[in-house]
Structure formats: C-alpha cells, structure tokens
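Shown next, in structure tokens, is the structure this report addresses.
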Amino acid sequence: MSDDHRVLLLGPPGAGKGTQSDRLAAEYGLDVITTGDALRNNKQMDISDLGLEYDTPGEYMDRGELVPDAVVNEIVVSALADADGFVLDGYPRNLDQAEYLSEQTALDYVFLLEVPEAELIDRLTGRRVCAACGETFHVDFDPPEEPGVCDVDGGELVQREDDTEETVRERLRVYEDETAPVVDHYRERDVLVEVSGEGTPDDVFDRLVSQIES
Ligand code: ADP
Ligand code: ADP
C-alpha cells in the first residue's frame, strides 16, 4: 500500500531514525531519503571548489561536524525529485536547512524520537554496520547471528568512524546547538509529534504506525 506519506523523522544521533525509516518505508511503500548514507557514499568527493573549510564531506563527518548546507541541500533536492512518498532521515539538521526544505515540499508527519542521552551513547558506541550492504546491528541490542558477520549478505560488520565515544559526544553537542532549534521550529508550528524511542524497535514502530493510522 502506498499513500505517498511524506514523513520527517527527527531525533538525536542514535535515536533509531535509520532503524525506523527502513520499517516505515517497507510498511507504506516509501523511499528513504537519508543524507547520512548519501554523504558516507561520497565521503571523498572533491568539494574544494566551494571554498569551504575542508575539501571533502568526510573531513566534516569524522569530526562530528555538519557538512555544509550547499552540499547537503543538493542531495536532498535531487532525492525529493525522484520520490512521491518518503521518509526523511537526518535532514534538516539546522534552521537554514529547515527553511530550504519548506520551499521544496510539504510534510504530512513530523516525528521526534526521544531517547535519554546515556542510552544514545550506548546505542552509538555499540552500533555496527555491514561494509557491503549497510545493514545496521548492535553488539548487545541487535546482535548478528555470528559476531562481526552480516546476517543479510555475510559482509564484514564495521564500526563507523564517527561512532567512537569522543565523536559521539561532539555529535550530541552539535545536535543540541544546531538541530534542537529545528525541533523547536516544528513544535512552534504545532506539527511536531513526540514519540518515545525507548523499548524495542517493534515498540517504537508500533507507536509511529499508530500515530499515522490515527
Ligand atoms: P546519525 O546516525 O548520528 O543520526 P547520520 O548518519 O545521519 O548520523 O549523519 C552522519 C554525519 O553526516 C553527521 O554527523 C554529519 O557530519 C553528516 N550529515 C548527515 N546529514 C547531514 C545534514 N543534514 N547536514 C549536515 N551534515 C549532515
Ligand atoms: P540513528 O539513525 O537515529 O542514528 P540507528 O537506527 O542507526 O539510529 O540506531 C542506532 C543503534 O541503536 C543501532 O546500532 C541500532 O541497532 C540500535 N537501535 C535502534 N533502535 C533501537 C531500540 N529501540 N533499542 C535498542 N537499540 C536500538
């Protein structure tokens, strides 16, 4: 079934946005638009002609900083052009991006996944991703059948370079400084739906679906 829902998932790093985006996309036949994955696939892209502080997206990402808007907006606008219904994960991350997005599309649902900070750190430092297909696991909360091996395609499970404790703390700081105002922006417009991101992924998914179906 596809009702062409346009869903925005907000939440701090580790809140479960990627996990829930995939499930919502499967349930409702939506495209996942995720700037994080798009940027990771282009970490070494030469952006030196933009005259920014660093010459590749990866240099920002490995420091836990935001990649400049000029790069990120471009990714989103071309993904939106190809999508009817979508789940947007990881964008917008600052007020300028939120403004840009509002010029590109309307949204039907804006969800905020809420998870306490200590749990976010545990989730991120234990996150492992398949180097081949990108499937996400967790060493304790969602372990693969065989340690270090992807259940889907047998690929090697690796830790993202920005999932070390030091960089995780920097990303949480950047979230508070730059992305918390985006949350307030949607809250002030009465479109924000706050959903607990605690409990199992199934629990969280059920909460999201019941909001969409209500
Ligand atoms: P998380 O899983 O922590 O939510 P993402 O995979 O969404 O992380 O993002 C990883 C990194 O990619 C960010 O720390 C940032 O450097 C970059 N990034 C992703 N989305 C954006 C965005 N909308 N604006 C700027 N940088 C972004
Ligand atoms: P985000 O995209 O918001 O950064 P992810 O979906 O990648 O978050 O989840 C971060 C880590 O936490 C992953 O290792 C994932 O397996 C795990 N995780 C996701 N949802 C839950 C949950 N409800 N309970 C425990 N761990 C979770």
remark   = When every residue in segment 76-99 that is acidic (Asp, Glu) and over 16 Å from the mean Cα position of the chain (by Cα) is compared, the one nearest to Val168 (Cα to Cα) is Asp96
query = Is there a residue in segment 68-75 that is within 8 Å of ligand 1 (Cβ to nearest atom), in contact (Cβ under 8 Å) with a residue 40 or more places away in the chain and under 26 Å from Leu172 (Cα atoms)?
reply = no
query = Counting only residues that are away from ligand 1 (no atom under 14 Å from the Cβ) and of a type in the set (S, T, N, Q), which one in segment 94-122 is surrounded by the fewest Cβ atoms within 10 Å (Cβ to Cβ)?
reply = Ser102
ask   = So Val87 clears everything in (1) under 26 Å from Arg187 (Cα atoms); (2) more than 16 Å from ligand 2 (Cβ to nearest atom); (3) touching a Leu at 6+ places or on another chain (Cβ under 8 Å) except one condition, right? Which one?
value = (2)
Subset of segment 123-133 (residues that are within 14 Å of ligand 1 (Cβ to nearest atom) and not basic (Lys, Arg)) = Leu124, Thr125, Gly126, Val129
task = Scan segment 92-100 and give yes if some residue there is at pLDDT 95 or above, in a helix (DSSP H, G or I), among the small types (Gly, Ala, Ser) and within 16 Å of ligand 2 (Cβ to nearest atom), otherwise no.
result = no
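In segment 1-41, which residues are in a loop (DSSP other than H, G, I, E, B) and either in contact with a helix residue (DSSP H, G or I) (Cβ under 7 Å, 6 or more places away or on another chain) or near ligand 2 (Cβ under 10 Å from one of its atoms) (or both)?
First, pick out the residues of segment 1-41 that are in a loop (DSSP other than H, G, I, E, B): 1-5, 11-16, 29-30, 41.
Correct list: Met1, Ser2, Asp3, His5, Gly11, Pro12, Pro13, Gly14, Ala15, Gly16, Leu30.
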task = For residues that are farther than 16 Å from Tyr109 by Cβ and of a type in the set (Ser, Thr, Tyr), scanning just segment 7-37, find the one that is farthest from ligand 1 (Cβ to nearest atom).
result = Thr19
request  = Might you check whether a residue that is assigned to a helix (DSSP H, G or I), touching a residue at least 60 places away in the same chain (Cβ under 8 Å) and within 15 Å of ligand 2 (Cβ to nearest atom) occurs anywhere in segment 45-67?
outcome  = yes
request  = Run Ser210 past the list (1) more than 14 Å from ligand 1 (Cβ to nearest atom); (2) surrounded by 14 or more Cβ atoms within 10 Å (Cβ to Cβ); (3) of a type in the set (S, T, N, Q) and report the number of the one that doesn't hold.
outcome  = (2)
Where Glu74 falls short, out of the listed (1) modelled with pLDDT of 95 or more; (2) away from ligand 2 (no atom under 11 Å from the Cβ); (3) charged (D, E, K, R); (4) over 21 Å from Asp184 (Cβ atoms) = (1)
inquiry  = Among the residues of segment 150-172, are any within 28 Å of Ala81 (Cβ to Cβ), touching a Cys at 6+ places or on another chain (Cβ under 9 Å) and in contact (Cβ under 8 Å) with a residue 24 or more places away in the chain?
reply    = no
ask   = What about Asp177, is it within 14 Å of ligand 1 (Cβ to nearest atom) and free of Cβ contacts under 8 Å to residues at least 40 places away in the same chain?
value = yes
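The values are calculated or read from the model by the stated rules, or taken from the named source; none is laboratory data. In this text the structure is predicted, and so the values were computed from the model without any measurement. Don't worry about glycine lacking a Cβ; one is built from the backbone with ideal geometry, like all the others, and counts go over all protein chains shown.
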